[in-house]
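The values are calculated or read from the model by the stated rules, or taken from the named source; none is laboratory data. From a predicted model like this one, the values you see are computed outputs, not experimental measurements. Neighbour counts are summed over all protein chains in view; Cβ atoms, including those assigned to glycine, are modelled from backbone coordinates with ideal geometry. SASA here: full protein model, heavy atoms, side chains in, ligands and nucleic acids out. Shrake-Rupley method; radii C 1.70, N 1.55, O 1.52, S 1.80 Å.
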Amino acid sequence: PVGGRPLIAWTIDAARQARCIDRIIVSTDDPAIARVAGRLGAEVPFVRPAFLAADDTPGLDPVIHALLWLAEHEDYHPAWVACLQPTSPLRTAADVDAAFDLATGRRADAVVSVVEAPVHPQWALRLDDEGCIHLPAAEPPAQRQALEPAWALNGAVYLARTDWLLDHRTWYGQRTYALTMPEDRSLDVDTPWQLRVADLCLWQGQRRRLGTAS
């Protein structure tokens, strides 16, 4: 539960509200997640195989499996596919549509969402076995303004042409464009602390909406 709802609900909501999304398919091996996803308006037409549900399963593999399953069992071949991870609950429908607009406007093969890197790579430090600090090859500038902008994946939106994705088995190619997103919609929940932050943000957002509605 996050913000008073199942974590996956926020992503299903974004998908349902996005004008570019025709079908919402949830890939899971968990019966409870499948039941919740179905109640929220998503489809769960198959159970994800166990070998694609391990902690170390690459994120793209379940997407490829879903596309191949839908092609084989439903003769369904969407022109585009978006992967919306439920661990990005602050991403909005507008972000999803912006990725699609960018992809079609630039004739991209893929679009991946990014956020300005919270720690610039040139300020990243290495510690040796004794805990001593080692700077990068060249000592970085003391002021961030002197650094070239750097971006990090935020995990919120992955979008690609289906035929291209099936051929290349990657989100990244010569015509993969970046959808830049603000920090306040880029939270990627990987830790208990990030889950708590998401919970606080979503409760606060609901209170603001209720205040506006009243």
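Springs join every pair of Cα atoms under 10 Å in this Gaussian network model of the chain, and among Ala117, Ala50, Ala98 the largest mean-square fluctuation is at Ala50. Within the range 26-95, all pairs of alpha-carbon atoms sorted by distance into 5 Å bins from zero give the percentages 3, 14, 22, 27, 22, 10, 1.
Please report, as a whole percent, how much of the solvent-accessible surface of the range 39-123 comes from carbon and sulfur atoms (probe radius 1.4 Å). List each step's numbers first, then the result.
Numbers: 2390 of 4340 Å².
Taking all protein chains in place, the range 39-123 shows 55 percent carbon and sulfur surface.
To the nearest ten degrees, helix 93-106 and the longest principal axis of the Cα atoms of the chain are 80 degrees apart.
The charge dipole of the chain, taken about the Cα centre with unit charges on the Cβ atoms of Lys, Arg (+1) and Asp, Glu (-1), comes to about 980 debye, rounded to the nearest 20.
Ordered from largest to smallest accessible area (heavy atoms of protein chains, 1.4 Å probe), the residues Arg106, Arg161 come out as Arg106, Arg161. Residues whose amide H comes within less than 5 Å of that of Val2, counting only those at least five positions distant or on another chain, are Leu7 (H built at 1.01 Å from N in the peptide plane). Solvent-accessible surface of the chain, taken per residue with a 1.4 Å probe and all protein chains present: 61 Å².
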